[in-house]
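K.L.:
Supplied in structure tokens, the structure appears directly below.
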Protein chains: 2
Amino acid sequence: VADKRYLFTPGPTPVPPQVLEAMSRPIIHHRSSDFREILQRTFDRLRDIYRTEGDVLVFTSSGTGGMESAISNLTRPGDRVVVVSAGHFGERWAAMAQKFGCEVDTIGYEWGETPSSDDLSARLSETGGAKVVFLTHSETSTGVVADVQGLAAVAKEAGALVVVDAVSSLGAVPLETDSWGLDAVVSGSQKALMTPPGLATVSVSSDAWAAVEKDAPGRYYFDWQETRERQEQFDPAFTPAVSIVVGLDVALGLLLEEGLEQAFERHTRLGRACRAGVRAMGLELFSPDDDRSAVVTAINAPDGIDSSELVQTLRDRQGIVLAPGQGPLKGKVFRIGHIGYYDVFDITTALAGVELVLAELGADIERGAAITAALEAFEHTRV
Amino acid sequence: VADKRYLFTPGPTPVPPQVLEAMSRPIIHHRSSDFREILQRTFDRLRDIYRTEGDVLVFTSSGTGGMESAISNLTRPGDRVVVVSAGHFGERWAAMAQKFGCEVDTIGYEWGETPSSDDLSARLSETGGAKVVFLTHSETSTGVVADVQGLAAVAKEAGALVVVDAVSSLGAVPLETDSWGLDAVVSGSQKALMTPPGLATVSVSSDAWAAVEKDAPGRYYFDWQETRERQEQFDPAFTPAVSIVVGLDVALGLLLEEGLEQAFERHTRLGRACRAGVRAMGLELFSPDDDRSAVVTAINAPDGIDSSELVQTLRDRQGIVLAPGQGPLKGKVFRIGHIGYYDVFDITTALAGVELVLAELGADIERGAAITAALEAFEHTRV
């Protein structure tokens with residue numbers, strides 16, 4: 001049927017029917033006892049998924065709003081910060097920190113490279129450290145998932161606070177907020193957390209709280225302290241996106257019911273299946289072919305094919321929605337997201353659509369091999 | 001049945017089933033052509049409802065985020081601004097402007113008073129004007145709807161920009177962005193616009209655009225210029241709350257189908273009905289008894305009754321959710337909202353519940369009179 005859609009982007013991701021159903025119930029008041037119960041459970045579930053005993057703050061905003069909150073609460077103009085950047089979202093950290101007056105030292109990699117702890121360690125010792133190091137866990141623009149544990153260790157060693165963009169990784173690949181010593185971890189509702197966009201979540205460590213200058217000027221909506229005080233009373237500072245919180249509560253319940261370890265394993269196997277299928281078709285991976293990069297797979301478009309046109313054609317002819325390349329990768333790569341409410345048949349559908357449309361566009365690809373390869377990689381490579 | 005709920009607060013307000021249904025469909029991508037069509041129509045409908053030919057920017061945040069955007073885009077630290085304040089949300093303007101470093105001159109009224117244009121005019125001429133005057137259209141904490149047209153005229157006369165909090169008024173009572181010369185008008189999805197919370201909308205006049213210092217530091221997520229540029233390409237700067245935009249599109253369609261003038265008349269009559277019923281019960285109005293104040297009715301709790309307890313009892317025993325008093329009115333008043341997806345039988349249900357619970361609590365009230373008075377006021381006082 002003409003309007004059937006398949007959403008295979010790295011966010012927004014498909015929302016489970018149970019979540020959509022909960023969100024379609026009559027709206028409730030954000031200061032009612034009905035909502036209080038939902039809020040309390042949601043905060044508890046977020047702590048479980050973040051693997052933290054500390055606070056997880058919830059803001060009504062996109063993930064970028066959560067990122068801004070980390071900058072405006074942890075830095076003052078003139079502070080020296082380091083940004084490790086290897087793609088679109090690393091560049092966003094740098095741009096935002098500059099906007100808030102930080103002296104930004106960027107360790108810049110080519111898009112698609114994997115940041116190294118040694119580079120970070122060397123830079124921090126050369127320059128005498130930094131107040132905050134900003135990291136990107138899953139660089140959604142390239143498919144690279146960085147070794148945040150290793151990077152955080154050298155940053156902490158140098159006395160810096162560690163802030164992580166885990167918008168597309170939280171719930172998909174392992175992240176240990178407390179045991180890795182992460183001071184603030186930003187995520188969003190619309191990726192592996194299987195909920196529509198509209199909420200940012202931010203964990204805050206005790207070291208981070210100690211660094212927050214109380215009542216400093218220049219922030220209000222994203223003020224951490226006010227948000228925490230009001231969350232502790234289950235009395236939100238500002239009207240939250242009630243229906244999205246209701247959905248998030250249900251989605252986090254589904255994720256915890258599956259089990260975090262099981263979800264991580266599923267994502268690892270989905271990533272393997274996607275990469276095996278892509279290779280079997282004769283296409284070239286842009287994302288690294290490693291098990292950590294289990295969030296989104298970036299693929300080089302075949303010679304003579306513009307990847308943005310491929311994505312548009314897939315959407316128009318087959319109802320399959322993939323993500324095009326961003327920035328310097330525009331026209332060059334296309335991306336298949338495989339996080340959240342996602343199983344192996346989503347991979348095979350995505351691969352089948354890509355195969356069909358590339359063949360129609362006259363690309364030189366292997367027909368009939370991708371799906372079997374993907375299914376085998378999924379079934380026979382348990383973690 | 002034990003869990004049937006009646007939501008009669010001034011936000012969130014009841015969401016029409018058509019809106020909930022649209023929001024419960026599978027999520028779509030925010031950079032797809034499906035969403036582009038919805039965005040375009042939503043921006044057009046917002047301009048119709050704002051009565052403006054100018055830009056209406058949409059942010060994923062509560063209304064407070066929209067308010068912050070007006071401050072961070074229109075002022076720089078040290079700017080002199082005037083806040084007209086007569087309740088909770090007037091105080092919020094002042095607190096936010098102070099946080100962003102403005103020199104804030106507050107014209108402060110007792111909660112429940114109606115601001116006067118003469119006072120504003122006198123203050124502006126005494127003090128040599130201001131860069132921005134911040135107004136509250138509907139002061140949700142007291143039920144007062146201010147004469148924004150008159151206040152704006154004197155502010156413009158004095159050369160100030162006029163910024164209006166119309167979060168609970170837009171779509172319920174007349175507001176003319178362009179013909180009243182309003183430079184920025186902030187609203188939210190969850191009041192008379194009949195959509196769940198999560199989106200703030202902000203109109204920006206050409207005078208306001210001229211006052212925005214391009215690329216000024218200290219803002220990123222709420223930057224107006226970036227938001228406008230990306231909206232013009234229907235390519236949102238950050239992932240918007242897709243499902244709430246989908247809902248808002250449908251809700252604005254319903255509002256425009258009813259007709260704005262018809263909606264204003266309905267709200268006027270709902271306000272009259274509510275006040276007539278309250279008086280017939282022998283209760284005392286805290287909100288002014290005038291047709292402009294058609295958003296929410298604040299009512300003094302009878303002697304010996306704590307209004308917060310009344311609200312809690314109504315919720316626990318009858319499933320009816322009203323709003324308690326805020327700030328200095330805590331325990332003293334309770335508030336019945338009557339905006340959005342709301343008809344006269346919502347008024348009679350609210351009044352019936354109040355009558356029942358007040359009688360149970362032993363208050364000296366007139367039984368059996370409120371509902372007839374409300375119905376008569378609604379039917380026989382067409383505007």
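We did not get these values from a lab; they are worked out from the coordinates using the rules stated. All of these numbers come straight from a predicted model, not from anything done at the bench. Using ideal geometry, Cβ is built from the backbone for each residue, glycine included, and neighbour counts are taken over all protein chains shown.
K.L.:
Please list the non-local residues whose amide H lies under 5 Å from the amide H of B:GLU103, H modeled 1.01 Å from N, same-chain partners needing a gap of 5 or more.
P.N.:
Sorted by chain and number, the residues that satisfy this are B:GLY78, B:ASP79, B:ARG80, B:VAL81.
K.L.:
Is there a quick way to get the dipole size of chain A? I mean about its Cα centre, with the Cβ of Lys and Arg at +1 and of Asp and Glu at -1; what is the value in debye to the nearest 20?
P.N.:
720
K.L.:
Could you compute the net charge surrounding B:LEU322? Neighbours are other residues with a C-beta less than 9 Å from the C-beta of B:LEU322; K and R count +1, D and E count -1.
P.N.:
Its environment carries a net charge of +2.
K.L.:
Turning to a different aspect of this structure: Could you tell me the center-to-center distance, by alpha carbons, between region B:288-308 and region A:110-128 in angstrom?
P.N.:
Result: 62 Å between the Cα centres.
K.L.:
Tell me, what ³J(HN,Hα) does each residue in region A:289-295 have, in order and in whole Hz, if you take phi through Karplus 6.51 cos²θ - 1.76 cosθ + 1.60 with θ = phi - 60° and put x for Gly and Pro?
P.N.:
8, 10, 5, 5, 7, 10, 9
K.L.:
Treat each spin label as a single point 7 Å out from the Cα along the C-beta direction, and report the A:ASP178 to B:LEU361 distance in nm.
P.N.:
4.3
K.L.:
If you don't mind, there's one more thing I want to ask. Please average, across the residues of A:209-220, the number of beta carbons from any other chain that are within 10 Å of each residue's own beta carbon, and give a whole number.
P.N.:
3
K.L.:
Would you mind working out the magnitude of the charge dipole of region B:11-145 relative to its Cα centre, with +1 at each Lys and Arg C-beta and -1 at each Asp and Glu C-beta, to the nearest 20 Debye?
P.N.:
Value, rounded to 20: 580 debye.
K.L.:
How large is ³J(HN,Hα) for each residue in region A:214-221, as worked out from phi by the Karplus curve 6.51 cos²θ - 1.76 cosθ + 1.60 (θ = phi - 60°), to whole Hz, x for Gly and Pro?
P.N.:
Values per residue, Gly and Pro as x: 5, 6, 5, x, x, 9, 9, 4 Hz.
K.L.:
Here is a follow-up. Using modelled amide H (1.01 Å from N, peptide plane; none on Pro or chain starts), what sits under 5 Å from the amide H of B:THR136, excluding residues fewer than 5 places away?
P.N.:
Those lying under 5 Å, H to H, from B:THR136 are B:ASP165.
K.L.:
A further question on this structure: Can you compute the equivalent ellipsoid semi-axes for region A:295-383, i.e. the square root of 5 times each eigenvalue of the Cα gyration tensor, sorted largest first and rounded to whole Å?
P.N.:
22, 15, 12
K.L.:
Once you have the Kirkwood Rh of region A:47-145 from its Cα pairs, apply Stokes-Einstein at 20 °C and 1.002 mPa s and quote D in µm²/s.
P.N.:
Rounded, D is 149 µm²/s.
K.L.:
Please give the residues of region B:124-162, grouped as numeric ranges, whose backbone N is less than 18 Å from a label point set 7 Å along the Cα-to-Cβ vector of B:ASP290.
P.N.:
Inside the label zone: B:135-155.
K.L.:
Less than 15 Å Cβ to Cβ from B:VAL354, Lys/Arg counted +1 and Asp/Glu -1: what total charge do the surrounding residues give?
P.N.:
Summing Lys/Arg as +1 and Asp/Glu as -1 gives -3.
K.L.:
Distance between Cα centroids, region B:200-249 to region A:35-85: provide it in whole Å.
P.N.:
23
K.L.:
Return the percentage of antiparallel bridges among DSSP beta bridges fully within the protein assembly as shown, rounded to the nearest 5 %.
P.N.:
50
K.L.:
Now for a different question. Given that compact globular proteins tend to follow 2.2 N^0.38 Å, what is the ratio of the alpha-carbon Rg of region B:122-205 to that value?
P.N.:
Here the answer is 1.11, to two decimals.
K.L.:
For every other residue with a beta carbon closer than 12 angstrom to the beta carbon of A:ARG5, add +1 if it is Lys or Arg and -1 if Asp or Glu, then tell me the sum.
P.N.:
Computed value for this residue: 0.
K.L.:
How much of the DSSP bridge set in region A:1-148 is antiparallel, in percent, rounded to the nearest 5?
P.N.:
If we restrict to bridges inside region A:1-148, about 20 percent are antiparallel.
K.L.:
To the nearest whole number, what is the average tally of beta carbon atoms from other chains within 10 Å of the beta carbons of peptide B:100-107?
P.N.:
1
K.L.:
Here's another thing I want to ask about it. Hey, got the average number of other protein chain Cβ atoms within 10 angstrom for residues in A:10-21?
P.N.:
Mean number of neighbouring Cβ atoms from other chains: 3.
K.L.:
What size of dipole, in debye to the nearest 20, comes out for region B:79-221 about its Cα centre when the only charges are +1 on Lys and Arg C-beta atoms and -1 on Asp and Glu C-beta atoms?
P.N.:
In total the dipole reaches around 480 debye.
K.L.:
Right, something else. Which far-off residues, 5 or more places away or on another chain, put their amide H under 5 Å from the one on A:VAL144, with H placed in the peptide plane?
P.N.:
For A:VAL144, the qualifying residues are A:GLU139.
K.L.:
Take the alpha carbon atoms of the protein assembly as shown, find their radius of gyration, then divide it by 2.2 N^0.38 Å using N residues; give the quotient.
P.N.:
0.98
K.L.:
Can I ask one more? Can you give the relative contact order of region A:228-346 as a percent, counting alpha carbon pairs under 8 Å and 6+ residues apart?
P.N.:
Rounded, it is 20 percent for region A:228-346.
K.L.:
Next question. Where does chain A land on Rg/Rh, using Cα atoms and the Kirkwood Rh?
P.N.:
We get a ratio of 0.98 for chain A.
K.L.:
With point charges of +1 on the Cβ of Lys and Arg and -1 on the Cβ of Asp and Glu, referenced to the Cα centre of the protein assembly as shown, which listed residue (A:SER187, A:VAL357, B:THR227) lies farthest in the positive direction of the dipole?
P.N.:
My answer, from the dipole projection, is A:VAL357.
K.L.:
Do any GluC sites (Glu not before Pro) in region A:16-115 lie in a loop, going by DSSP, with at most 12 other beta-carbon atoms within 10 Å of their beta carbon, and if so which?
P.N.:
Here the GluC sites (Glu not before Pro) that fit, given the DSSP loop and packing criteria, are A:GLU53, A:GLU110.
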